[in-house]
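Chemist: Starting off with a structure, shown below.
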Amino acid sequence: DVYLLPPFTVTLTPANASYCEAGTTNTTKTVVTAEAAVTTGNTQPAGVTFAYDWSGSTASAGAVDGTDQTKFNMTTAVVGAYTITSKAKYVVPAGKLLKGSTGTPCEETGSTTINVTAKPGTPTISAS
C-alpha cells in the first residue's frame, strides 16, 4: 500500500502560559500538550498515527512526559521565557510507503512560549 497523506497542523496548548518560580512545590510546574490534526476536509487513514519530537525546546525547560509523548512537562524554576517546540510526523504501519501531499517528509512543527516569572517581593504592612 502507498498512502498519500493529507496535510496537517501541530497545535501546542500549555496548561498555563506563565507561572511563578516559587508558585508550586510540584516538580512539574505546567504541562504543554501537542496535538497534530489533519486539515479540515481531510481524513487520516486507519492505522496511521503521529510521532512527536520535542528536541527544539529550550534546554533545561523540562522533559517529555514518560508515559505520553504528546506532553512536555515544564520543570524549570528559573525566571525567563522558554520556547517549547514539538515536531510531529506521520507514522505508517510497518511495510507501508509514506508520501505527503506536498512531497515533503510529512513533518510539521508547532511552538509556544512559557514565561517563568519572579516571585513577588515581600509586602510591607504599616499601621497608623
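The values are calculated or read from the model by the stated rules, or taken from the named source; none is laboratory data. Note that the structure is predicted; figures quoted are calculated from it, not measured. Heads up, the Cβs are rebuilt from the backbone with ideal geometry, glycines too, and the neighbour counts pull from every protein chain shown. Accessible surface areas use protein heavy atoms only, side chains included; no ligands, DNA or RNA. Shrake-Rupley method; radii C 1.70, N 1.55, O 1.52, S 1.80 Å.
Chemist: Just checking, which of THR39, THR28 is at pLDDT below 90, in contact with a strand residue (DSSP E or B) (Cβ under 8 Å, 6 or more places away or on another chain) and within 30 Å of THR117 (Cα to Cα)?
Modeler: Of the residues listed, the single one that is at pLDDT below 90, in contact with a strand residue (DSSP E or B) (Cβ under 8 Å, 6 or more places away or on another chain) and within 30 Å of THR117 (Cα to Cα) is THR28.
Chemist: Being more than 19 Å from VAL92 (Cα to Cα) and among the small types (Gly, Ala, Ser) narrows it down to one residue among ALA51, ALA37, ALA46, ALA61; which is it?
Modeler: So the residue among ALA51, ALA37, ALA46, ALA61 that is more than 19 Å from VAL92 (Cα to Cα) and among the small types (Gly, Ala, Ser) is ALA61.
Chemist: Under 9 Å between Cβ atoms, at least 6 apart or on separate chains: pull out the pairs that start in the range 105-125 with a residue that is free of Cβ contacts under 8 Å to residues at least 24 places away in the same chain and closer than 30 Å to LYS89 by Cβ and end on any residue that is outside any loop (DSSP other than H, G, I, E, B) and among the charged types (D, E, K, R).
Modeler: These pairs meet every condition: PRO105/LYS89; GLU107/ASP53; GLU107/LYS87; GLU107/LYS89.
Chemist: Taking the condition open to solvent by less than 60 Å² (accessible area, probe 1.4 Å) and free of Cβ contacts under 8 Å to residues at least 24 places away in the same chain, does ALA46 pass?
Modeler: The answer is no for ALA46.
Chemist: For the list (1) farther than 22 Å from THR13 by Cα; (2) in contact with a Gly (Cβ under 6 Å, 6 or more places away or on another chain); (3) not basic (Lys, Arg), I need the number of the one condition that GLY47 fails.
Modeler: Checking GLY47 against (1) farther than 22 Å from THR13 by Cα; (2) in contact with a Gly (Cβ under 6 Å, 6 or more places away or on another chain); (3) not basic (Lys, Arg), the one that fails is (2).
Chemist: Another question, if that's okay. Can we say ALA36 is assigned to a strand (DSSP E or B), surrounded by 14 or more Cβ atoms within 10 Å (Cβ to Cβ) and touching a residue at least 12 places away in the same chain (Cβ under 8 Å)?
Modeler: Yes, satisfied.
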